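So the structure is just underneath, and the comments pick up after that.
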């Protein structure tokens with residue numbers, strides 16, 4: 001059974017492409033490391049800690065993201081950075097999303 | 001034996017995750033472990049502290065990592081037989097990593113084993129036939145060239161036969177190589193589908 005976080009019910013499912021889009025959008029503003037990236041995504045959508053790692057791996061494989069290590073307090077933090085290809089993909093997602101949103105809105109508003 | 005409600009500490013989580021992933025490619029495993037180690041460190045969770053609730057199920061975390069690994073190998077078309085075989089290994093391991101009842105696991109494993117053996121034996125048969133044709137072709141050719149006593153037409157007849165068989169042998173080998181690669185690819189996908197179904201059931 002799927003657990004929901006305290007009361008804030010998420011009605012709609014977040015599919016893989018939309019999750020990819022969210023990650024790319026967050027990283028288009030600044031490079032982030034795993035923990036903060038997860039926190040930022042979790043502010044908006046209800047995903048578990050373990051969901052994000054495979055997404056990041058996939059985006060890296062598709063050359064939408066690259067990583068680099070930065071020393072922090074005697075250890076390394078792995079930062080994720082969006083690539084040109086990632087930005088292109090994000091633009092595609094944005095267009096797709098606004099079209100999708102419009103058509104769903106028009107359906108939902110039809111009754112009014 | 002300790003109680004079931006034993007705390008899932010960061011130390012224990014990392015240790016169990018490593019155990020679950022130990023048969024997968026070292027590079028991929030190291031990357032995943034590093035990610036989770038860094039994540040927990042940044043979350044301010046010490047080695048003896050409990051991990052977040054979502055991470056309590058190491059099986060779930062591991063299966064998500066494995067699913068991505070299997071996806072990776074079967075979406076890259078194998079460029080060589082060796083690569084194809086490593087894909088088969090990863091897919092096979094992912095099935096054994098899935099938490100299902102043991103009898104079902106044994107049954108599925110036996111079935112898969114049978115399929116793999118069948119395909120392997122068919123491929124081996126093909127290779128043997130090709131090798132047979134090639135060897136007899138070479139023998140025919142060489143012996144016809146060495147036969148001095150034969151009549152003119154006789155020499156050309158056996159020389160022709162020898163060359164034909166050699167050709168068939170070479171063609172057979174050339175046909176077998178893509179067939180072997182294709183089989184590895186197919187078997188990987190088969191495993192992927194099966195492990196997907198098992199996960200859905202579990």
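Taking residue A:74, is it modelled with pLDDT under 95, within 14 Å of chain B (Cβ to nearest Cβ), exposed (fewer than 12 other Cβ atoms within 10 Å of the Cβ) and out of contact with any strand residue (DSSP E or B) (no Cβ under 8 Å at 6 or more places or on another chain)? Walk me through how you get there before you give the answer.
Details: modelled with pLDDT under 95: yes; within 14 Å of chain B (Cβ to nearest Cβ): yes; exposed (fewer than 12 other Cβ atoms within 10 Å of the Cβ): yes; out of contact with any strand residue (DSSP E or B) (no Cβ under 8 Å at 6 or more places or on another chain): yes.
Here the answer is yes, as residue A:74 does meet what is asked.
Tally up the residues in the stretch A:24-39 that are within 14 Å of another protein chain (Cβ to nearest Cβ) and in a helix (DSSP H, G or I), please. Total meeting the criteria: 6.
Of the helices (runs of 4 or more DSSP H) lying entirely inside the stretch B:12-119, those containing at least 2 residues that are modelled with pLDDT of 85 or more, within 13 Å of another protein chain (Cβ to nearest Cβ) and closer than 30 Å to residue B:181 by Cα span B:26-42, B:58-75.
Looking at the stretch A:84-98, is at least one residue closer than 17 Å to residue A:30 by Cβ, assigned to a helix (DSSP H, G or I) and without any contact (Cβ under 8 Å) to a residue 12 or more places away in the chain?
Here is the first cut: in the stretch A:84-98, the residues closer than 17 Å to residue A:30 by Cβ are A:84, A:86-87, A:90.
Next, from what is left, pick out any that are assigned to a helix (DSSP H, G or I): A:84, A:86-87, A:90.
After this cut, where a residue has to be without any contact (Cβ under 8 Å) to a residue 12 or more places away in the chain as well, the list is A:84.
Checked the stretch A:84-98: at least one residue is closer than 17 Å to residue A:30 by Cβ, assigned to a helix (DSSP H, G or I) and without any contact (Cβ under 8 Å) to a residue 12 or more places away in the chain.
Residue A:46 meets all of the listed conditions (1) touching a strand residue (DSSP E or B) at 6+ places or on another chain (Cβ under 7 Å); (2) touching a residue at least 24 places away in the same chain (Cβ under 8 Å); (3) over 17 Å from residue B:36 (Cα atoms); (4) outside any helix (DSSP H, G or I) but one, namely (1).
The values are calculated or read from the model by the stated rules, or taken from the named source; none is laboratory data. Because the structure is predicted, anything quoted here is derived from the model rather than measured. Cβ sites come from the backbone with ideal geometry, for glycine too, and all protein chains shown count toward neighbours.
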